[in-house]
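To keep things clear, I will list the structure first and then write my remarks on it.
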Amino acid sequence: MPLLLLRVIAVGCALICFGVLASAQERTLGNVGSVEKKRNGVSVTLASRAVADISFFNRDTVRVRVAPSGKFEPDQSYAVVGTPDPSLKVEIKSDKKFSTLSAPGGARVTFSHEPFRLVILDSAGRVVLEEDGTRLSRFSRETGEIEASFRREPTEVYFGLGEKALPLSRHNHVVTMWNTDVYRYKVGQDPLYQAIPFFIGLKDGRAFGVFFDNTWRTFFDLGKTYEKRFTFGAPGGELNYYVFTGGDDRSPANILRDYSTLTGRAPMPPVWALGFHQSRFSYTPDAKVREVAEQFRKNRLPLDAIHFDIDYMDGFRVFTWDKKTFPEPAKLITDLRMQGIKAVVIVDPAVKVDEKYPLYSEGVAGGHFLEPRGRVWPGEAAFPDFTNPKTRAWFGAQYKGFLSDGVAGFWNDMNEPSSFIPDDTLKKEPATADHPERTLPLSTKHVGDGIAGDHARYHNVYGMQMARSSREGLLALNPNERPFVLTRAGYAGIQRYAAVWSGDNTASWDHLRLTIPLLTNLSVSGVPFIGADVGGFTGSPSAELFARWLQAGSLTPFFRAHSDRGFGPHEPYGFGDKFTEINRATIEFRYLLLPYLIACFEEHQATGAPVMRPLWYACPTDPQAILNDSQFLLGRDLLVAPVMEEGATKVGVYFPKGDTWIDWHSGSVYEGGTSAQVDAPLERLPVFVRLGATIPTLSPIQSTDEIPTAKKGSVKAVMKNGKAVLVAE
Ligand code: GLC
C-alpha cells in the first residue's frame, strides 16, 4: 500500500488526486533497540535507525517526536511558546517487553518493544490513543514522508483543523493543510487559507486533542480510507505531535486550556476593533470614504472602522498612498476619528519590483526578498522572507508612516502567499482559480529562523510570520497601544498575532450557513478573534440575505461587512429605509453586548476558552448538541440561532442540556434538551440567555469612543415567583 495514499483536495464533489506516492521503501519504526531515560521522558532508538523521544509537556499532555534519519533537528517551532511544566516528575519503568511513563495524577504512556507501538492513556487509565497495529507509524527515507495511524471508533467525531469549508465534524474526510488563495471558494472545497494541524476528538462524550506540529503540507485522514483508523502525515519533516489527554473530566475546555498553554492565547484586542467594521474593494477616492462615514452617521448606524482596500496605494506599492486619490490621508483620517471611526489599511506582503521605489531597493540591498519573484496586484513583485527575523523587523518598521498618519489597524492579505500564475497554468488540472501553483515554487529558499529550508516546508508559516512582523513592528513603534492586525493566512499559534477572517466567500445562503461550522471549528483551533465577510465577498446579496447575515455576524467575534469590486451594496444603509432600520437594530445589539464580548475575550486570556463556541464544546455528552451546525454559543451564557433560510420567519432551535434558556426578545423559557420552533421575524436575531447569567450591557452608542459616557447596565436571567425571567438593570 502506498505510504501517503490520499492527498486530495475536494473541489465541490470532485476529488482530484495529486501526488500519490508508490513507495516500495516505506518502513515502520521497527523494534526497540534501547530506551534511555531523560528528564520527564525517554529517548528510544529503533531498528529502523529512527529515534523517538517521548516526553510530558504537562501532566495531561504527551509529546511524541520521531526523527526517521536518527538525528533530531534543533527543537524549533513556530507554533509552540509554552515550556514544559518544571514541577513535573514522570515515573519511568522499562522491562524487556514494555516501557511505561506515568505523570503522577495525569496521563500514562506505554509502548511495546517488539514492535514499537504506543498507547496513551488518561489519568483514569482509559485509552486515549492507541497506534493501529495493522498500520504502525512509518516513513520513507527516500522521499522523506512520514505518517502515524491510530485506532478509531466508527462513532468518533473530530473538530478543529483550522478553517475548512466542510461539515462541522471532519470524520470521514481527508483534509489538507496548505494555505491557498481560494477566490470564491465552494462549500466542500479544501484547503482554504489557514493551516492549523490540531484537532479535538470526541468519543463517548470524552475529548482528546492531537496537534501535529509539522509545517509541511500535512494531511489528516479521519476515518475516510478505513473507518477504524485515523492517520496523519506529511511529505517531510519530523513526526512531531502532542496528545492532549484532557485531565480528569476529559472536557473540551481542558483540551483548549492545554493547547493554548502550548501555542499561546490571543492578546486582548483594542476595544474599537470589537465594534462594527465596514469595507469594500475599494472605497476610492477619499470623497467616497467620507461619504460612507457620513451615511453611517446620518443613518445613526454604529461604526468603528472603515477599511481601505488596495486602491488607496500608489500603483499597489505597499506602504504608500495614491496622492491623486488620497492627497491628504492624515487629514482624512483625523476627520474620520472625529466621527468615532478608525482607519484600517490593507498591507499585502509582496513589494513591487521597481528600482525607483525605495522599499524595493532597500529590500534588495538588505537581502530581504525571496527568489524567484512572483506576480501580484502591482505586477512583478518581490516577497519578503518573513522567516528571517531581520526581514520581519525591517517590514514591521515600515508601519511608522501609517501610524503617524493616524491609521489604527492593519489588514494583511494575500499572505498564503498568493502569487498569480499565467493562464496556461490555470488551464492545467485542477482547472481552478485556486490552482496549487498559485504560490511560490516549492524550491524557494527560506532562512527559516536559522534552519534554512525550502518553501515546501515554510509555505504554511509565511502568513503567520507576516502577521508576527506586523504585530511586533507595531508594538515596537507604539508600545502603549494594543495593535489590531487582521490576517488571511496562518498556522497554529496565529492567535498570538492577529484576528482572522475567512477570505473570499460568496453572497449566498449556503455561504451564510457555512459560517457557523467554519468559524466554530476555527475557534476551537485556538483562534478566538474570527469572522466572515458579512454579506458574502463576491456577488450581490439581496436585502434579506444581507440583513440575516448581518444578524449572524453581529455575534461573531470579528464583525465586518466587505465586498468584492463591482457588486451591489454591502453597506447596512444600502437596501432602503426599512432595511436600514432593521440593520441598525442589529448593529446596536452588538454594541449593547460589547461589555459581555470583552468579558469573553478576558475569559479566553485566562483559560484558553473560545469566544464563539460550538454547542458540543459546552455539552460534549449531549448527542443532539454534538453535530449542531446551525447554532453557536457566545461565551458561556448566550445561545445564538441565526436565521439562515430565505423567507423563514421561524427557526428551529435546540436547547443544550443542563441549562434553562430564556428568549432575549420574548422572555419565553425553554428547558435544556428540548427543541422548539421560535419566532424570528426579519428584524430579529434569535438569542437566548442561560438562566442564572448576568450579561453586562451598554446603552446605544455610535462608536466605542462613547463607552466612557455610555450608560452601563446588565440583563439578568433569574427566577421570580417560580418563573424564569429576564431583568434589565
Ligand atoms: C483578496 C482579499 C479580499 C480583498 C481583495 C483585494 O481577494 O481576500 O478581501 O478585497 O483581495 O485586496
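Would you mind working out the magnitude of the charge dipole of region 176-277 relative to its Cα centre, with +1 at each Lys and Arg C-beta and -1 at each Asp and Glu C-beta, to the nearest 20 Debye? Spell out each step's value before the answer.
Details: 11 positive and 10 negative charges, 48 e Å.
The calculation lands at about 240 debye.
Among Leu594, Gly608, Phe567, whose Cα sits farthest toward the positive end of the charge dipole of region 560-610 (+1 at Cβ of Lys/Arg, -1 at Cβ of Asp/Glu, about the Cα centre)? Comparing the listed Cα positions along the dipole, Phe567 ranks first.
Each part gets one Cα centre, and for region 65-114 versus region 514-546 those centres are 39 Å apart.
Need the list of aspartates and glutamates near Lys288 for cross-linking: C-alpha distance under 19 angstrom, and skip anything on the same chain fewer than eight residues off. Within the straight-line limit of under 19 Å, Lys288 reaches these aspartates and glutamates: Asp304, Asp309, Asp311, Asp314, Asp322, Glu328, Asp335, Asp405, Asp564, Glu571.
For region 202-257, what's the relative contact order in percent, using C-alpha pairs closer than 8 Å and at least 6 residues apart?
Values: 76 pairs, mean separation 24.7, N = 56.
RCO, region 202-257: 44 percent.
For region 589-687, the Cβ-based charge dipole about the Cα centre amounts to some 100 debye (Lys, Arg positive; Asp, Glu negative; other atoms uncharged).
Taking every DSSP beta bridge that has both residues in the chain, what percent is antiparallel when rounded to the nearest 5? Here the share of antiparallel DSSP bridges comes out near 80 percent.
Show me the three semi-axes of the equivalent ellipsoid for region 256-392, from the C-alpha gyration tensor (sqrt of 5 times each eigenvalue), largest first, rounded to whole Å.
Working: eigenvalues 187, 124, 26 Å².
Gyration-tensor ellipsoid for region 256-392: 31, 25, 11 Å.
In the chain, which helices (entire DSSP H runs) extend 15 Å or more along their own long axis, judged by Cα positions, while averaging at least 0.0 on the Kyte-Doolittle scale? Display every interim value, and only then the final one.
Values: long enough: 252-263 (16 Å, -0.23); 286-298 (18 Å, -1.23); 462-477 (22 Å, -0.06); 509-523 (22 Å, 0.27); 543-554 (16 Å, 0.18); 577-592 (22 Å, -0.59); 594-607 (20 Å, 0.26).
Within the chain the helices that satisfy the rule are 509-523, 543-554, 594-607.
Compute and list, largest first, the equivalent-ellipsoid semi-axes of region 113-211 from the alpha carbon gyration tensor, each √(5λ) rounded to a whole angstrom. Intermediate values should be presented prior to the final figure.
Numbers: eigenvalues 151, 78, 22 Å².
Result for region 113-211: semi-axes of 27, 20, 10 Å.
Here the convex hull built on the C-alpha positions of the chain has a volume of 152 cubic angstrom per residue.
For region 259-287 and region 330-381, what is the centre-to-centre distance using only Cα atoms, to the nearest Å? Computed from Cα coordinates, the inter-centre distance equals 19 Å. For Leu486, the amide hydrogen comes within under 5 Å of the amide hydrogens of Phe410, Trp411, Asn412, Ala499, counting only partners 5 or more places away or on other chains and with H modelled in the peptide plane. Charging the Cβ of each Asp and Glu at -1 and of each Lys and Arg at +1, and nothing else, the dipole of the chain about its Cα centre rounds to 1240 debye.
Note on region 242-372: dipole from Cβ charges, positive end direction compared against Thr284, Leu303, Gly315; the farthest Cα belongs to Leu303. The lysines within cross-link reach of Lys578, meaning a Cα-to-Cα straight distance under 19 Å and a gap of 8 or more places when in the same chain, are Lys298.
Taking a quarter of the surface of the convex hull around the Cα atoms of region 343-396, what do you get in nm²?
Directional mean of the projected Cα hull area for region 343-396 stands at 4.1 nm².
Could you work out the relative contact order of region 41-127, using alpha carbon pairs under 8 angstrom and six or more residues apart, expressed as a whole percent?
Details: 149 pairs, mean separation 17.7, N = 87.
Here the relative contact order equals 20 percent.
Put in order of Cβ neighbour count within 10 Å, fewest first, the listed residues Leu639, Leu121 become Leu121, Leu639. Pairs exceeding a 21 Å alpha-carbon distance, out of Lys96/Lys203; Lys38/Lys93; Lys650/Lys720; Lys71/Lys390; Lys164/Lys352: Lys96/Lys203; Lys650/Lys720; Lys71/Lys390; Lys164/Lys352. Along the axis of the charge dipole computed for the chain (Cβ charges of +1 for Lys and Arg, -1 for Asp and Glu, origin at the Cα centre), the listed residues Leu336, Val653, Tyr357 are led at the positive end by Val653. Per residue, the convex hull spanned by the Cα atoms of region 137-275 measures out at 146 cubic angstrom. Distance from the Cα centroid of region 213-236 to that of region 659-722 is 42 Å (rounded to whole angstrom).
Helical runs assigned H by DSSP (4 residues or longer) give the chain a calculated mean residue ellipticity at 222 nm of -6000 deg cm²/dmol, each run adding -39500 (n - 2.57) before division by the residue total.
All of the numbers you see were taken from the coordinates with simple rules; none came from a lab. Not measured: the values here are computed from a predicted model. When we count neighbours, we look across all protein chains shown, and the Cβ atoms used for this are built from the backbone with ideal geometry, even at glycine.
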